[in-house]
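Every read-out reported here was derived from the displayed coordinates using simple, explicitly stated rules and does not represent laboratory data. Given the structure is predicted, the values throughout are model-derived calculations rather than measurements. Cβ: placed from backbone, ideal geometry, glycine included. Neighbour counts: every protein chain shown.
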Ligand code: PDD
């Protein structure tokens, strides 16, 4: 009876195909919250967590591909920098955090997807200055992403829109204070696009709401904005420098305008979840011939081989 019911709910006929579906349904997602592995649906933090009240915290997103955590060292190095810029301590030793990441990935059986970690200053009565003697809070979640979905996005390319830069001047710190990014991404979605590029008053492109921005000039040179305080130094961006070196491609770190991007040979975006994904239109205008660029796809293809892979 239960079996019949599950088949109906899962929308499948009762056959050998049922059991993998059943196992997925029966297996709840697990999150790590401040020392405990808990059912994802019950996972919660205190109402006076400073992440909740002040966005006083930082995060990282690592790609999981084919059973490996991609570029974990660089993500944890950036976490270290973000924490130190905000004078938040590590919630636990780095090696212990790696154990937690692996355990959350294992308990959720994620072979392809992402692991998310968030550290906040901790829980304290609401008051703006740093509280004394609080422990940083740590939350870790992981989820599956079908690699086919990402591959499809890369094969078709994505559209971007542009929005005026309206963020603070320390976006190099990966904080959970992402309201301008959320509003920009929503605007992109409403325009039928995937991403929104923040553009400075001088017309130069900063980065996307959750991705770094790149173009390929007509001479085949990769161009991306210098990673100063004005953009997040993407881990994928850094590894793409390694990939470009391996492929013998030149990179120029400089600002570029929306006009230059529109007349470029290719444009693409990068992040842990999208890797290098071609951009085919900006504000409704096609980039080059409006099809994904071949150099972007070569970078994407070579990425996994060159990136650091830590067993998940
Ligand atoms: N976003 N710029 C911004 C503003 C970002 O939020 C991100 C990452 C990047 C790319 O960084 P990386 O290559 O290290 O993923 C650039 C993550 C994926 C997110 O917020 O979900």
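General remarks:
- Gyration tensor verdict on segment 26-144 (Cα atoms; rounded if a/c is under 1.5, prolate if a/b is larger than b/c, oblate otherwise): oblate
- Spread of Cα-to-Cα distances over 10 Å intervals beginning at zero, given as percent, for the chain: 6, 24, 31, 24, 13, 3, 0
- Taken along the Cα-to-beta-carbon direction at a fixed 7 Å, the label points for residue 98 and residue 204 span 3.7 nm.
- Once you reduce segment 235-312 and segment 74-110 to the center of their Cα atoms, the two points are 27 Å from each other.
- Remark: the residue 259-residue 81 segment gains 60.7 nm on full extension, using 0.36 nm per residue and subtracting the alpha carbon distance.
- Potential extension, residue 241-residue 134 segment - 0.36 nm per residue separation minus Cα distance: 34.6 nm
- For the chain, built as a Gaussian network whose Cα springs stay under 10 Å, the top-fluctuating residue of 63, 85, 165: 85
- Within segment 150-311, antiparallel bridges make up roughly 60 percent of the DSSP beta bridges whose residues both belong there.
- Rounded if a/c under 1.5, otherwise prolate or oblate - segment 150-311, Cα gyration tensor axes: rounded
- Relative compactness, segment 72-196, computed as alpha-carbon Rg over 2.2 N^0.38 Å: 1.28
- The share of alpha-carbon pairs in segment 252-312 lying farther apart than 12 Å comes to 70%.
- Candidates 179, 295, 232, ranked by Gaussian network fluctuation over the chain, Cα under 10 Å, top entry: 179
- Choice from 127, 283, 242 showing the highest fluctuation, given a GNM over the chain with Cα pairs closer than 10 Å: 127
- For the chain, the share of DSSP beta bridges that are antiparallel, to the nearest 5, is 80%.
- In this simple spin-label model, placing a label point 7 Å from the Cα along the Cα-to-Cβ direction at both residue 169 and residue 305 gives a separation of 4.4 nm.
- Length gained on full extension, residue 145 to residue 183: 11.3 nm, using 0.36 nm per residue less the C-alpha separation.
- Radius of gyration over Kirkwood radius for segment 122-227, both on Cα atoms: the Rg/Rh ratio is 1.06.
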